[in-house]
């Protein structure tokens, strides 16, 4: 049974896409590590990279080529300064030299060494092949697959087996939602307490808290940055940042100097129903505008859906509970991560495999369940909320215009967040014994829907809005 940590589901990275940006970035770094392990790194004379399927079809809009270069440079997507990325890329283009892992300069012509191949490989739609020619003339190739949420794998079963063996089994192994309820009932604990017990088998309490605080810090910073940045998003669609203007209207005369003071200032604003809708939407829009501009966000469970979870958590902190603190944030993230892992195990979190239901649908389910626990819901009600949220995202397609995570992706985060809050409220008002559809059934349904969905609606920009609306129309 696969053990997936909360920190696998919620990871810090760079936008605009976890599968098309963060994944290829990580794949490049992993390839370099493999070359070093096999003592081939110093022998490399030239390299080329081939992007397949969805990575090729929407790679330009998702900055896949840029991400690959950043990975080949050996930079860390968690900590590398975002503002320095354009400079690094321009240096490579101008000099025609790539400093592999920042220690081995090799010739590299940007427009020739990164190839976009529209062919789909059998294993997964997001394939990426790294080719190297060694000094002795030998040519080697390694193929990786970016399977969503920043996860990267190779097809070889032996490699997968070795990776699995390195990961300690959880004391409470979970594959289905029914097992969560069994554990919670037998142990007399909440879902967040159950997840924490599993995480403690891997890390110390202090390390868990530090990592969760780092995740929340990035989430809060992305909301804060998006709400305080105006202008037009890059990419050619001329999409105007909307969070800034919405935020200006909502905050009124509030004053603050940092993100934490900002939270207190928002708590003092008017919170009628319309304002609540606008605040939640504003938070979600802000995160995904940051994501669309190659900013730093948290995969939740993907970059394309990064705005749902922070906006719903922020809703709880500024609307529902003004005394909310890190303990609440911790519970929320633990529950959200576990619900996300259920979808990864039982279906997919890759839009290239399942359409946008695998991104916004999953993130909405994660947020709905997590909010329900904070609002006092039982474990049964937490899973009901997650089911309701996903049920009403089933069949949602991924059809980004121009291959960019801007239209319809940014607005979909706002819609997913609102649905999550509504799903929570419906679950809290429901007797669990009256629920007709268990979460496991909706996960299975999502996977069947994904398999039935035409490939043109799976992050290829070959169907839906991506065809009806052209770049020229914008």
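Quick notes on this one:
- The stretch 26-44: number of residues that are closer than 12 Å to residue 101 by Cα and crowded, with 24+ Cβ neighbours inside 10 Å: 2
- The sole residue among 258, 288 that is out of contact with any helix residue (DSSP H, G or I) (no Cβ under 7 Å at 6 or more places or on another chain) and modelled with pLDDT of 95 or more is 258.
- When every residue of the stretch 465-474 is checked against the conditions, at least one turns out to be in the same structural domain as residue 391 (by TED's automatic domain parsing), in contact with a helix residue (DSSP H, G or I) (Cβ under 6 Å, 6 or more places away or on another chain), farther than 24 Å from residue 386 by Cα and crowded, with 18+ Cβ neighbours inside 10 Å.
- The lone criterion from (1) out of contact with any strand residue (DSSP E or B) (no Cβ under 9 Å at 6 or more places or on another chain); (2) more than 16 Å from residue 9 (Cα to Cα) left unmet by residue 336 is number (2).
- Subset of the stretch 327-340 that is in contact with a helix residue (DSSP H, G or I) (Cβ under 7 Å, 6 or more places away or on another chain) and surrounded by fewer than 24 Cβ atoms within 10 Å (Cβ to Cβ) - its residue that is nearest to residue 176 (Cα to Cα): 331
- Some residue of the stretch 92-100 being on the phi < 0 side of the Ramachandran plot, surrounded by fewer than 17 Cβ atoms within 10 Å (Cβ to Cβ) and modelled with pLDDT under 95: no
- When the stretch 225-241 is limited to residues that are without any contact (Cβ under 8 Å) to a residue 60 or more places away in the chain and in contact with a helix residue (DSSP H, G or I) (Cβ under 6 Å, 6 or more places away or on another chain), the one that is nearest to residue 408 (Cα to Cα) turns out to be 241.
- Just one of the numbered conditions (1) farther than 18 Å from residue 101 by Cα; (2) surrounded by fewer than 19 Cβ atoms within 10 Å (Cβ to Cβ); (3) assigned by TED's automatic domain parsing to the domain that holds residue 104 is not true of residue 2: (3).
- Members of the stretch 261-274 found to be surrounded by fewer than 16 Cβ atoms within 10 Å (Cβ to Cβ) and in contact (Cβ under 8 Å) with a residue 24 or more places away in the chain, listed by number: 267, 271
- Residue match in the stretch 106-115 (condition: closer than 24 Å to residue 304 by Cβ, modelled with pLDDT under 95 and not in a loop (DSSP other than H, G, I, E, B)): no
- Failed item in (1) under 17 Å from the mean Cα position of the chain (by Cα); (2) surrounded by fewer than 24 Cβ atoms within 10 Å (Cβ to Cβ); (3) assigned to a loop (DSSP other than H, G, I, E, B), with residue 394 passing the rest: (1)
- Selected residue (criterion: surrounded by the most Cβ atoms within 10 Å (Cβ to Cβ)) from residues of the stretch 151-187 that are assigned to a loop (DSSP other than H, G, I, E, B) and modelled with pLDDT of 90 or more: 174
- Within the stretch 122-137, the residues that satisfy the criterion of being part of a loop (DSSP other than H, G, I, E, B) and either in contact (Cβ under 8 Å) with a residue 12 or more places away in the chain or in contact with a strand residue (DSSP E or B) (Cβ under 6 Å, 6 or more places away or on another chain) (or both) are 123, 124, 125, 135, 136.
- Filter result for residue 349 (modelled with pLDDT of 95 or more, touching a strand residue (DSSP E or B) at 6+ places or on another chain (Cβ under 7 Å) and closer than 30 Å to residue 464 by Cα): yes
- Residue under evaluation residue 398, criteria (1) over 30 Å from residue 65 (Cβ atoms); (2) in contact with a strand residue (DSSP E or B) (Cβ under 8 Å, 6 or more places away or on another chain), criterion not met: (1)
- Any hit, the stretch 423-434, residues being within 27 Å of residue 179 (Cβ to Cβ), part of a loop (DSSP other than H, G, I, E, B) and either within 20 Å of the chain's Cα centre (by Cα) or touching a residue at least 12 places away in the same chain (Cβ under 8 Å) (or both): yes
- Of all residues in the stretch 219-239, none satisfies being in the same structural domain as residue 366 (by TED's automatic domain parsing), exposed (fewer than 15 other Cβ atoms within 10 Å of the Cβ) and part of a helix (DSSP H, G or I).
- Of all the numbered requirements in (1) in a helix (DSSP H, G or I); (2) at pLDDT below 95; (3) within 28 Å of residue 62 (Cα to Cα), residue 389 misses one, and that requirement is (2).
The values are calculated or read from the model by the stated rules, or taken from the named source; none is laboratory data. All values derive from a computational prediction rather than experimental measurement. Reconstructed Cβ throughout: ideal geometry from the backbone, glycine too, with neighbour counts over all protein chains shown.
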